[in-house]
Amino acid sequence: MFFLTYLRRELRRRMRQAIFIALGLALGIGLVVTVTAASAGVRQAQADVLRSLYGVGTDVTVTGAPPKPVRPGSAPPKGAQTFQIGPGGAQVCQNGKCHNPAGQTIDRLDSAGYRPISQSKVAEVAKLSGVKAAAGGLVLTDTSITIPKKFGQPGGPLPTPNSFTVDGADTGDLGLGPLSAGTITSGRSLHSSDGTSNVAVVDSSYAHSHKLKIGSTVHIVKHSFKVIGIVAQPQGGNPPDMYIPLARAQAIGTAAGKSLKNDVNTIYVTAASAAVIPAVQAEIRKLLPGDTVTTAASLASQVTGSLSSTAKLANDLGRWLSVLVLIAAFAVASLLTMAAVARRVREFGTLKALGWRSRRITAQVMGESLVIGIVGGAAGIALGFAGAAIITAVAPELSASIPGSNGPRIVSVGGGAAAGRAFPQAAAPTVAVPMSASVTVAAIVAAVLLAVAGGLLAGSFGSWRIARLRPADALARVA
Amino acid sequence: MYQLTDVTKLYATGKRTVPAVRDLSLAIGDGEWLAIQGRTGHGKSTLLNLLGMLDRPTSGTIEFDGRNLTRMREARASRLRAESIGFVFQTFNLVPTLSAAENVEAALIPLRAGAAERRRRVEAALESVALADRARHLPGEMSGGQQQRVAIARALVKEPKVLLADEPTGNLDEDTRDEIINLLEKLWRERGLTLVLVTHDTAIARRAGRVGVMSKGLLTIQAGTRPTHAGDPVTG
């Protein structure tokens, strides 16, 4: 076919220029693909963080309002334990009665970060318009401290706290909550029949670090729980260390010294559709004023740390850098194509004298530009894959901090508000997130479209010039 | 074939207007060989461009086989050029990336002839200029004379009615010049072409049926010395 023969010969003649234009386009497109891949990786990391916190299918999460900060000098709530360190050493006081705790181990399973919500509210939430399902849960922290005998005395040793997180999962509805996001790697998950049993499913990382396996026993506030399953949560998340039946968590857990029987501190809600999530959020706020109602979207906006910075970097700087490089590449391609057309004026004038119509010559030039664009696009996709691979290989692990989320937190042994005097009550959990960039099909499609657009844009400038070219002028210019 | 009436072509150069062709009236008969002489810049090539519809007159009319070219749309003019008018240029104007055969084939592309038909006609055209053995050579691999013969084959492959040659021997040595002119004369005779040839060379001009001299845009027709190959009377 003459069109292809002419196109091939012409590209071969100005091979160096064609390669230069293609490389320029490849650089721009490669950058777009890399940035898109990095953005996709960051978004995936964010999704993993959120998924591990809330579980699969959770659209809205309700958490009990955080306890009010304690004013210095005020009396501790009823039932709360406080430390007092005086000349005689340390004392633990509860309801006005104090004793020396030296040598004792204090172990509590506490809902320090959130105030409890009555379990009856879960059913009320489930009945709200737009709510597909709702399940309650308890996010608790088991903290044990062994008080040294000479604690509080000058030169005496400090107590060493030991804590792990426990999630009370509703065995009647295990499709919601953090456990739903995990994959059982050994043993089994909780069943509805486990409601009152002392059984636990342990996170794989915790199980590995504490050498736990199926059949092992873990102690939660002096109660023995049998490990029945090991669960692996998505990378990047910061899951609870173990999951126990909600009823057992309610029985042994406390909040500010009070039992959590018939209470939850978290409600996981699935909306009927994505469109109704804001309405559901508003309805729940009306029903539970004072409690924190969070959607995945609002939580994502609260994510801070290097993950958030990287997301901003990829979305803002990366996008604009890509756009600038692309504009530069398109401009260079267009200018070089116009220069090539200028050098071929005599050729095009001759073709017009032979009876070639402008659109036929234009098609020839557009075809050449398109081929250069497609070659640049293919090279750009290859560069994009390479860029994504380099990012995955060398990018440092990112961190994400989620204020107010139900991740692990450092909690004092005193429990409740009073405990804030001795130890930090709660901290925004920071989780490590591996950074990976993967090239998506959408990115490849975008690259191909950009390549075609770049080729057509460059060709159209040259074609515009050809269309305006009068054959006599073209021939006179070189005569 | 051609009827030019009061044709004027003006060029604007800055604020000045330069007349390249002035009030030219001329009839060119079928099968005639008209040679046009004149000094550089006196309007020879402009006249050739007007005859080939590569340019439009500022005023006056040009008729080709009874059709008014001055009002013809560009698409139709392209079609007419593709079907009826062949060009030969002083600098050959071959596409440097295409072989001799492909350069000749380029003239058949606007005619939308099939690939087999194109191949057959290209072979015949190259045969007619004795370059069948150079079909695959690029212009850069051929001498000036050979390149001009390829250009002639390109002009004639579509079997045009008119051949417009703008100093076809201007870039050739003396021997090659004679070779090319002999070839053009042979083809003119054999194919019944109308040949309009611009040349500085008086010896070549003398071989034409009529000679016109362009001076400052005005054409003066000298007395005809030879009849057309068809024996038709020449008007001027």
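Observations on the model:
- Alpha carbon centroid spacing (whole Å) that separates the range A:129-171 from the range A:326-376: 72
- By the Cα gyration tensor, the range A:206-245 has an equivalent ellipsoid whose semi-axes, rounded to whole angstrom, run 19, 11, 9 from largest to smallest.
- Short-range pairs are left out: with C-alpha atoms under 8 Å and at least six residues apart, the relative contact order of the range A:199-253 is 45 percent.
- GNM remark for chain B: springs join alpha carbons under 10 Å apart, and the peak mean-square fluctuation among B:Thr169, B:Thr17, B:Thr61 falls on B:Thr17.
- Once the Kirkwood radius over Cα pairs is known for the range B:127-196, the Stokes-Einstein relation at 25 °C and 0.890 mPa s delivers a diffusion coefficient of 197 µm²/s.
- Whole-Å semi-axes of the range B:69-203's equivalent ellipsoid (Cα gyration tensor): 22, 20, 13
- Links that overshoot a 29 Å alpha carbon limit, given the list A:Lys132/A:Lys211; A:Lys68/A:Lys286; A:Lys121/A:Lys226; A:Lys127/A:Lys226; A:Lys258/A:Lys286; A:Lys132/A:Lys226: A:Lys132/A:Lys211; A:Lys121/A:Lys226; A:Lys127/A:Lys226; A:Lys132/A:Lys226
- Sequence-ordered 3J(HN,Hα) estimates for the range B:41-46 from the Karplus curve with 6.51, -1.76 and 1.60 and θ = phi - 60° stand at x, 9, x, 4, 5, 4 Hz, glycine and proline given as x.
- Normalising the average separation of contacting C-alpha pairs (under 8 angstrom, six or more residues apart) by the number of residues puts the relative contact order of the range B:68-144 at 37 percent.
- Mean silhouette area of chain B, derived from the convex hull of its C-alpha atoms and averaged over all directions, reads 12.9 nm².
- The residues of the range B:92-236 present an accessible area of 43 Å² per residue when probed at 1.4 Å with all protein chains retained.
- For the pair A and B, total buried accessible area rounded to nearest 100 Å², probe 1.4 Å: 2100
- The range B:129-199, relative contact order in percent, only Cα pairs under 8 angstrom and at least six apart counted: 36
- Positive-end ranking of A:Gly175, A:Pro116, A:Leu158 along the dipole of the range A:111-181, with charges on Cβ about the Cα centre, is headed by A:Leu158.
- B:Asp173 accessible area, assembled protein chains, probe 1.4 Å, Å²: 90
- Averaged over B:95-102, number of beta-carbon atoms from partner chains that fall within 10 Å: 5
- Surface analysis of the range B:1-68 yields an accessible area of 43 Å² per residue, using protein heavy atoms and a 1.4 Å probe.
- The equivalent ellipsoid that matches the C-alpha gyration tensor of the range B:87-154 spans semi-axes of 18, 12, 10 angstrom, in descending order.
- Considering only B:Phe92, B:Pro160, B:Leu69, and ranking their Cα positions along the charge dipole of chain B that arises from unit charges at the beta-carbon of Lys, Arg, Asp and Glu, the one farthest toward the positive end is B:Leu69.
- Each residue of the range B:144-156 was assigned a 3J(HN,Hα) from its phi angle through the Karplus expression (A = 6.51, B = -1.76, C = 1.60, θ = phi - 60°), giving x, x, 5, 4, 5, 5, 4, 4, 5, 4, 4, 6, 9 Hz with x at Gly and Pro.
- The fraction of all Cα pairs in the range B:22-103 landing in successive 10 Å bins from 0 to the largest distance is 13, 44, 32, 10, 0, given as whole percents.
- Solvent accessible area, Å² - A:Met15, 1.4 Å probe, full protein context: 100
- A probe of 1.4 angstrom, applied to the heavy atoms of all protein chains, finds A:His210 with accessible area near 90 square angstrom.
- Carbon plus sulfur fraction of accessible area for chain B, probe 1.4 Å, in percent: 46
- Under a 5 Å amide H cut-off, with hydrogens placed 1.01 Å from N, A:Ser186 pairs with A:Ile230 among residues at least 5 apart or on other chains.
The values are calculated or read from the model by the stated rules, or taken from the named source; none is laboratory data. Bear in mind the structure is a predicted one, so any value in this text is a computation, not a measurement. FYI the Cβ positions are ideal-geometry reconstructions off the backbone, even for glycines, and counts take in every protein chain you see. All accessible areas refer to the heavy atoms of the entire protein, side chains included, with ligands and DNA or RNA removed. Shrake-Rupley method; radii C 1.70, N 1.55, O 1.52, S 1.80 Å.
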